[in-house]
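Inspection log for the structure reproduced underneath, given as structure tokens.
Read-outs throughout are calculated quantities, based only on the coordinates presented, and are distinct from any laboratory measurement. All of these numbers come straight from a predicted model, not from anything done at the bench. Cβ sites come from the backbone with ideal geometry, for glycine too, and all protein chains shown count toward neighbours.
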Amino acid sequence: MSENYHEVIQPAGIAVPTGIFASLVYPVGGGANGEALVSLINQYDFRSQTLTTVPLGAGATYNSAVFDFIYLSLGFTLSMAFADQASAANGFIIQQSIDNANWDYNSITASVIANTGLGIKASQYVRYARIQYTNGAIAQGVFRLGVKFSIS
């Protein structure tokens, strides 16, 4: 995900990483350099983002980049999948992690039926999230996986 990050310089000269989303922060008195950053509005580009369109081989697994929600107050992660072959049983997962190392929290799991798109939605409880998709026993010819974030 770091390749998607850019820097937004705030008035106090503090750089805030924003990635594919933009967190709007405003200076207020009392912190470093006489100012502290307080997030007044958290805004995300609510358009769906394509994660991958590369078909998976039989039994192969795709892990998305990690989404870091440190500057956001988003409530939900949504993911959409379409494949011409079925996923593994419960192979479509929104995972969450408190430390970006241990992916212990499977927010939701689902099975994708061949040639039938499926969307899943999970409450965002911790700082990090990613999408994991494990293909079934037959190699895909078509695969589309996307993500979207929402406050409701």
Which peptide among 82-88, 110-116, 129-135, 94-100 comes first, and what is the full order, when sorted by highest mean count of other Cβ atoms within 10 Å?
129-135, 82-88, 94-100, 110-116
Expected vector for region 94-102, Karplus 3J(HN,Hα) from phi with 6.51, -1.76, 1.60 and θ = phi - 60°, integer Hz, x for Gly and Pro, equals 9, 9, 10, 9, 7, 10, 6, 10, 10
Packing-based exposure ordering (other Cβ within 10 Å, fewest first) of Val147, Val54, Val66:
Val54, Val66, Val147
Taking amide H atoms as placed 1.01 Å from N in the peptide plane, list the residues 5 or more away in sequence, or in a different chain, whose amide H sits under 5 Å from that of Leu51.
Leu145, Gly146, Val147
The ³J(HN,Hα) series, computed from each phi in region 143-151 with the Karplus coefficients 6.51, -1.76 and 1.60 at θ = phi - 60°, rounded to the nearest Hz and given as x for glycine or proline, is 8, 9, 9, x, 9, 8, 10, 8, 8
Rounded to whole Hz, the Karplus (6.51, -1.76, 1.60) HN-Hα couplings of region 114-129, x for glycine and proline
3, 6, 9, x, 9, x, 10, 9, 9, 5, 8, 9, 10, 5, 10, 9
Counting sequence-distant residues (5 or more places) and residues on other chains, those with an amide H built under 5 Å from that of Gln124 are Phe76, Thr77
Interchain or long-range residues, amide H under 5 Å from Ala60's placed H:
Asn135
